[in-house]
Amino acid sequence: MKVTIYGSGYVGLVTGACLAQVGNDVLCVDIDPRKIDMLNNDEIPIYEPGLEDIVRSNRLAGRLNFTLDVQKGVDHGLFQFIAVGTPPDEDGSADLQHVLAVAKSIGEHIDEHKVVINKSTVPVGTADKVRAQIEEVLASRSVDAEFDVVSNPEFLKEGAAIEDFMRPDRIVIGTDNHRATELLRTLYAPFNRSHDRLVEMDIRSAELTKYASNAMLATKISFMNELANLAEQLGADIENVRIGMGSDPRIGYHFIYPGAGYGGSCFPKDVQALERTADQIGYNAELLRSVEAVNYRQKQRLFQKIETHFKGDLAGKSFALWGLSFKPNTDDMREAPSRVLMEALWAAGAKVQAFDPEAMEETSRIYGERNDLKLCEDHDEALQGADALVVVTEWNLFRSPDMDKIKSALSEPTVFDGRNLYDPQTMNELGFEYYAIGRGK
């Protein structure tokens, strides 16, 4: 089947590559010449495990192509996926200018039946705006072209996006007619063989499902972080509490790990956008505001622990940071806890020696050359002469390090563990001053 995808960022590129992988003829359209040049030269602008191989093999096979030509994109595919960014506006609401710009472009070139699919994360009612935009342009052209608008939100986890797309736990389709539903069912058939994962619903419910899912996961994280802070004050160990809670099948173990706060391109943006949607209809979304407030506060916790340990005297001190991306298996630093920590340390006069397996280039792009930031070749180099180690991201590389090497490399045997990777008793027995989240100090 012929598929056009507008936007070659994270969602668009993964979607295009995976649809091509099962035999579809996919054309990705983007307005960024640099990105299109990179992709046409087999260079991947983002890090996602397995993505580079799929893109290259399908480009070589002729099933995946990239272009700047919007008309070529409209002409190409029966399926027209909108997968462009919806960044937060000044008030936190989702900015739909890129989505509506694509809708306008489709309207300018469409001359036969197309299925327009919102893959971007968008507020409830966006499909109506996309439909109205296309209809307005068609009317100005005096063209009567048939089209359907569908909501098909993505549920891709950064670091596991290929697996999530190829073996989805659900495929949500929001439509207002049977024909569009059956066309999408055909497109997704290769991903839907062992049992029916297709969840059909009305368009507005599909749009809300995406926001509701991310808000629920963000709520679980903030709730556990709230409990972790409470556990510290009560002398309880949040890890024991987590295991006790998770053993209840009604709760489960997913997303109940306390830490340094959530980040990335989805949870912060989507919680805020859902809050603003509530505001627009006059509903007081108290829980959503609390989720966001707890997360903001949690991102300060590591710095507060550091500042307390060093009695407020951080000027001239150096800190080894392990982990810069907001989570493992990605180079994404959007809303990352590491950024909040580094900026607080710099404001206090401290220096940072940092390492991340994938996010070094992104860190350099964000912060440039700084006298108070050293980007190290490996995690051992980051330790050398530092006054303390701070673990910010739970990469596998950091889970079982050589503790003797850490102790000898640091000027003081002090570790701040923002992801609860190590056992407090073991660390204390090895002679470390050890600070975790919700586990004592």
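The values are calculated or read from the model by the stated rules, or taken from the named source; none is laboratory data. Keep in mind that this is a model prediction, so the values were computed, not measured. Note that each Cβ is placed from the backbone with ideal geometry, even for glycine, and that neighbours are counted across all protein chains shown. For accessibility, only protein heavy atoms count, side chains too; no ligands or nucleic acids. Shrake-Rupley method; radii C 1.70, N 1.55, O 1.52, S 1.80 Å.
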Name the most mobile residue of 398, 355, 267, meaning the one with the largest mean-square fluctuation, in a Gaussian network model of the chain with Cα contacts below 10 Å.
398
Candidates per chymotrypsin sites (Phe, Trp or Tyr not before Pro) in the range 116-192, loop by DSSP, up to 10 other Cβ within 10 Å:
none
For the range 159-292, shape from the Cα gyration tensor axes a ≥ b ≥ c, cut at a/c of 1.5 then a/b versus b/c, turns out oblate
Quick one: plug the Kirkwood hydrodynamic radius of the range 14-68 (C-alpha pairs) into Stokes-Einstein at 37 °C, 0.692 mPa s, and report D in µm²/s.
298 µm²/s
Total charge of the residues flanking residue 13 in space, meaning their Cβ is under 11 Å from its Cβ, with Lys and Arg +1 and Asp and Glu -1, is -2
Which angle between 0 and 90 degrees, to the nearest 10, do you get for helix 286-298 versus the longest principal axis of the chain when only C-alpha atoms count?
50 degrees
From the Cα gyration tensor of the range 212-266, with a ≥ b ≥ c the square roots of its eigenvalues, which class applies: rounded if a/c is under 1.5, or else prolate if a/b is larger than b/c, or else oblate?
oblate
Longest exposed-loop-site-free stretch of the chain, with GluC sites (Glu not before Pro), DSSP loop and at most 13 other Cβ within 10 Å?
147-368
For the range 1-200, with equal point scatterers placed on the C-alpha atoms only and solvent neglected, what are the log10 I(q)/I(0) values from the Debye formula at q = 0.14, 0.19 1/Å, to two decimals?
-0.78, -1.48
By the scheme Lys and Arg +1, Asp and Glu -1, what is the net charge of all other residues having a beta-carbon under 11 Å from that of residue 153?
0
State in Å² the accessible area per residue of the range 214-433; use a 1.4 Å probe, count heavy atoms of protein chains only, and round to the nearest integer.
46 Å²
Using the alpha-carbon centroid of each, what span in Å lies between the range 337-396 and the range 27-90?
32 Å
Ellipticity estimate at 222 nm from DSSP helix runs (n ≥ 4, -39,500 (n - 2.57)) divided over the chain, nearest 500:
-13500 deg cm²/dmol
Given a 1.4 Å probe and every protein chain left where it sits, what share in percent of the accessible area of the range 214-433 is carbon and sulfur?
50 percent
Stokes-Einstein D in µm²/s, Kirkwood radius over Cα pairs - the chain at 4 °C with 1.567 mPa s viscosity:
55 µm²/s
With r as the distance between the Cβ atoms of residue 247 and residue 179 and R0 = 56 Å, compute the FRET efficiency 1/(1 + (r/R0)^6) and round to 0.05.
0.75
From the Cα gyration tensor of the range 283-382, with a ≥ b ≥ c the square roots of its eigenvalues, which class applies: rounded if a/c is under 1.5, or else prolate if a/b is larger than b/c, or else oblate?
oblate
Please calculate how many Å² of accessible area the range 1-200 carries per residue, with a 1.4 Å probe and no DNA, RNA or ligand atoms counted.
42 Å²
Could you sort 323-333, 72-82 so that the peptide with the highest average Cβ count within 10 Å comes first and the rest follow in order?
323-333, 72-82
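The range 214-433: percent of C-alpha pairs farther apart than 26 Å?
Numbers: 9130 of 24090 pairs.
So the pairs more than 26 Å apart make up 38 percent of the total in the range 214-433.
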Hey, how much of the P(r) for the range 42-141 falls beyond 15 Å, as a percent of Cα pairs?
68 percent
Mind checking which of 12, 55, 183 is farthest towards the positive end of the chain's charge dipole, using Cβ charges of +1 (Lys, Arg) and -1 (Asp, Glu) about the Cα centre?
183
For the chain, longest principal axis from Cα atoms; helix 203-234 axis from its Cα atoms; angle between them, nearest 10 degrees, is 10 degrees
Ranked packing of 246-256, 8-18, most packed first, by mean Cβ within 10 Å:
8-18, 246-256
In the range 83-187, how does Rg compare with the Kirkwood Rh, expressed as the Rg/Rh ratio over alpha carbon atoms?
1.00
In nm, to one decimal, how far is the residue 52 label point from the residue 140 one, both placed 7 Å along Cα→Cβ?
4.3 nm
